[in-house]
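Heads up, the thing below is written out as structure tokens.
Throughout, read-outs are computed from the coordinates displayed, never taken from laboratory work. As the structure is a computational prediction, the values presented were derived from the model and not from experiment. Glycine also receives a Cβ, built like all others from the backbone with ideal geometry; neighbour counts cover every protein chain displayed.
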């Protein structure tokens, strides 16, 4: 019996060892030669899709021929990214958006069939956003802050004359959200807190303003669609519920009806052009699950299944015969497919994984949970390198998402796969305050930023230490935006927790950041101050106390900082000052500034340089542990 037990122990150990393997290591250039594609607006004759791709190293607009899957370049920028909006409803003209160097002051451009582009919203310093086509196909709607940089007004652009007129002036900080098909009703939003907002219905003919969302306690409301007869408003809400669900509001009777709910947030819902189908996207444990229903019968439509991924996005053509599917996974960048309701044919339109990379060398994401300092269950996503084992322990990184209120999700990340391929385990933590896990969980970090949520990140380090394939002497922390703040907070307030930190355009001085938010965030300023604190009140003391810049003398671990010079959210001076302060400690600091980027890096050459240098930094200060 003893020999038999020893055999089984040996067999189990052998099996564990066999499950690990060496993989081919790929360069940063190879990983960032994966493609990123998005969009998928059908042309008027449904022969093409309008998409955005970074095939050339910068985002440009392409058309995909739906018969041949040929990608046809339509814009040719080599300096500023261009993002597809939509084809015109009756011809092959199209709209796209662009800003300058990532400054987020977006303009709307028209490109005609001869390739000539014109800026339809050329107002200096003002940003504009597309608001959809009118049902009569004679105009489109857009919002702009050209009148007052603090507020977005609603305009209608005639597509024959390309002349615009204001149809709603936002003087009460009520943001335009959705207009009815007959252009009689306008839904307006008012943000109160990050967990509470209001909806109003404005009759554009009579001027009557009706409050739609009277409620007690915290609840959010987001309009999604009007019915074709303009009698019903569809919206998402978590009123009297932990999770968002789809509901309807009868404009004549005021009756509210719950239409679809589950034990996860409904992320989005929309009806097809002729109301044959309803598409619902669900945030199911950090994965997007999409369901399509026949509206008349309520019957769920059977959709294609994908061995290498799941459907994350859907667009149904005007004829309701074709459907564009966005499909991806943790080991496959998002791809576009075309499915025919009529014939059942499924055609792949894109191949986004660099052919030089073997998909088998990439790692599957695993959703895990661990107990935090107070027993609260914290969800996270683990990426275990193939070469990791109890015999071959690997260094690890805690990855913190942006926000506050963001979420790490199960999807493809070239950067995370790059780290895993080079022997780093990554744990993407969804600390308290993350979205997707109910409104109670979402609210747990309010006015406690840099405290309980930081301790969740520290406990995620302890979780990694408990894994037998992790070298618990070699655990670092990395994050961008609010995640970058968490990196600096960890190094400043929990200096023994992590061996290195990588801060990607992170907040380091909350007093400055909250005082210098972009003017077009005025509608959300109150909500942001409610969550974080008002820097113009006594809250400033707490904001000082949680700002890593004022406690930088505590930082003892090697630090790397990446920053875009044009970032309107986290100003470059934030990174300049933290770098200077930490250098004064005699700590190794590396600093990279990209002059042509903003809050997030869009150009492949910058990603390759920046992320390649992160790996070199980690290899030097974490893997080798000098």
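Indicate, rounded to the nearest 5 percent, the antiparallel portion of the DSSP beta bridges found entirely in the stretch 363-623. Intermediate values should be presented prior to the final figure.
Details: 12 of 37 bridges.
Around 30 percent of the beta bridges assigned by DSSP in the stretch 363-623 are antiparallel ones.
May I ask for the angle, rounded to the nearest 10°, between helix 452-466 and the longest principal axis of the chain, with both axes built from Cα atoms and the value confined to 0 to 90°?
Helix 452-466 sits at roughly 50 degrees to that axis.
Could you work out [θ]222 nm for the chain from helices alone, using -39500 (n - 2.57) per DSSP H run of at least four and dividing by all its residues? Round to the nearest 500 deg cm²/dmol. Kindly include the intermediate steps, with their values, before the conclusion.
Values: 11 runs with 114 residues, N = 626.
Helices in the chain give a 222 nm mean residue ellipticity of -5500 deg cm²/dmol.
So for the chain, averaging the separation of alpha carbon pairs under 8 Å that are six or more residues apart and normalising by length, what relative contact order in percent results?
10
Taking every DSSP beta bridge with both residues inside the chain, roughly what % is antiparallel (nearest 5)?
Working: 113 of 138 bridges.
Antiparallel bridges make up about 80 percent of those DSSP assigns within the chain.
Nearest 10 degrees, 0 to 90: what angle lies between the long axis of helix 482-493 and the longest principal axis of the chain (Cα atoms)?
Once rounded, the angle reads 30 degrees.
For a protection proxy built on the mean count of beta-carbon atoms within 10 angstrom, sort 605-611, 92-98, 533-539 highest first, please.
Output ranking for 605-611, 92-98, 533-539: 92-98, 605-611, 533-539.
Measure off 7 Å from each Cα along the Cα-to-Cβ vector at residue 371 and residue 135, then give the distance between these two points in nanometres to one decimal.
If labels sit at residue 371 and residue 135, their model points lie 5.6 nm apart.
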